[in-house]
Structure formats: C-alpha cells, structure tokens
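J.: My structure is below; once you've seen it, I'll send some questions.
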Amino acid sequence: MEGHLRQRIVGAIVLVTLGVIFIPALLDGSGYKARQVQDIEIREKPEFPPLTQKKLKPVVTPITTIKKQQTRANKSDPKQPHKKPIRSFALQVGTFSSNENAVKMRDKLRKAGYTAYVYKSTSKGKTSYKVRIGPELERSVLEKIKTDLKKSRKIDAYIVNHP
C-alpha cells in the first residue's frame, strides 16, 4: 500500500505545483485587457469645398432631353413647325344641324362613360355640329370603342383626325 500512497502523494504534489504556476497567469487579467481594450482612432472632420466651387455633371432625364430637342428646333427656325407633329384621333359618332340635338347625344354618351364633345364646323356657309368621342393618341383605342358602340347602341361611327 505504501507504493500506492506514494504515487497519489506525488500526483497531488505535481497537480498543486502546476496549479501554483499556471493559475495566477490565467487569472491575472492580462488576457482580458488585451481582448477588451482597443484604441479607436477617429479621423478629423474632412473639409469639403463649397458647393459653388464644385462642378457637377448634369443628370440626364427625359424632360431635359425633350427640352434640348425643343431648343435645337427653336434655334433653327422658330416659325417652322416640328418635324413630327403629335397626331391624335377622335371617333365621330354623329353630325347634326342643330346644336341642341348634338348636345343631347353628347350627354347620353357621357352618361354611358365616354369622353364626348361637340365640334362646331362651317362648310359652304352651313354650320354643322359633330359629336365626337376622344381625343386619343392611339387609333386602336378608338377602334375598340367603335366596335363597342356598333354592338351596344347600333351607332356607325368613324375615326377622324383631331382637331
């Protein structure tokens, strides 16, 4: 038994010696400080030149490109119309000799949800009042309205240039 007891005592002495050497090194806090304390450097506020001295490139937008095209067209000859005028169309629903009848039909179409108006025209000394729906930029929209009017109200209309 003495051999067993000696081995236990020697083992205990070795463990206590290792504890005396390494435990203070682990618990002194030097590792904690190294992990937690960091120097953070904050730069000084940068100085920017005033915006009046700064030259910026203009941002290109659709509006600016249209304005540039208009100014180019106006510089060449202001009296000359644009090369590509905007075309619009209207659907002529009826022609009347009296304004009252044209207004009645216009009001009926407006109640049905159409954007109708009366166009007054004079030809060979005679005044006529034309009831039209529109105007629209695309002819296909008026084609659909035309077929709808033909089916629902049995009105034979045709597409004209607006105005």
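The values are calculated or read from the model by the stated rules, or taken from the named source; none is laboratory data. Because the structure is a prediction, the values reported are computed rather than measured. Glycine gets a Cβ as well: all are built from the backbone with ideal geometry, and neighbour counts include every protein chain shown.
J.: Name the residues in the stretch 122-163 that are over 20 Å from residue 101 (Cβ atoms), hydrophobic (A, V, I, L, M, F, W, C) and outside any loop (DSSP other than H, G, I, E, B), would you?
T.: 141, 142, 145, 159
J.: Turning to a different aspect of this structure: Using beta carbons and a limit of 6 Å, which pairs, at least six apart or on different chains, have the first residue in the stretch 108-125 and under 16 Å from residue 155 (Cβ atoms) and the second one β-branched (Val, Ile, Thr) and at pLDDT below 90?
T.: 114/133; 116/133
J.: I'm checking my understanding of the structure. Among residues of the stretch 86-101 that are out of contact with any Lys or Arg (no Cβ under 9 Å at 6 or more places or on another chain) and of a type in the set (S, T, N, Q), which one is surrounded by the fewest Cβ atoms within 10 Å (Cβ to Cβ)?
T.: 98
J.: Also, I was wondering about something else. Being surrounded by fewer than 10 Cβ atoms within 10 Å (Cβ to Cβ), assigned to a helix (DSSP H, G or I) and either within 26 Å of the chain's Cα centre (by Cα) or modelled with pLDDT of 65 or more (or both) is the filter here, so list the residues in the stretch 46-85 that pass it.
T.: Across the stretch 46-85, the qualifying residues are 62, 63.
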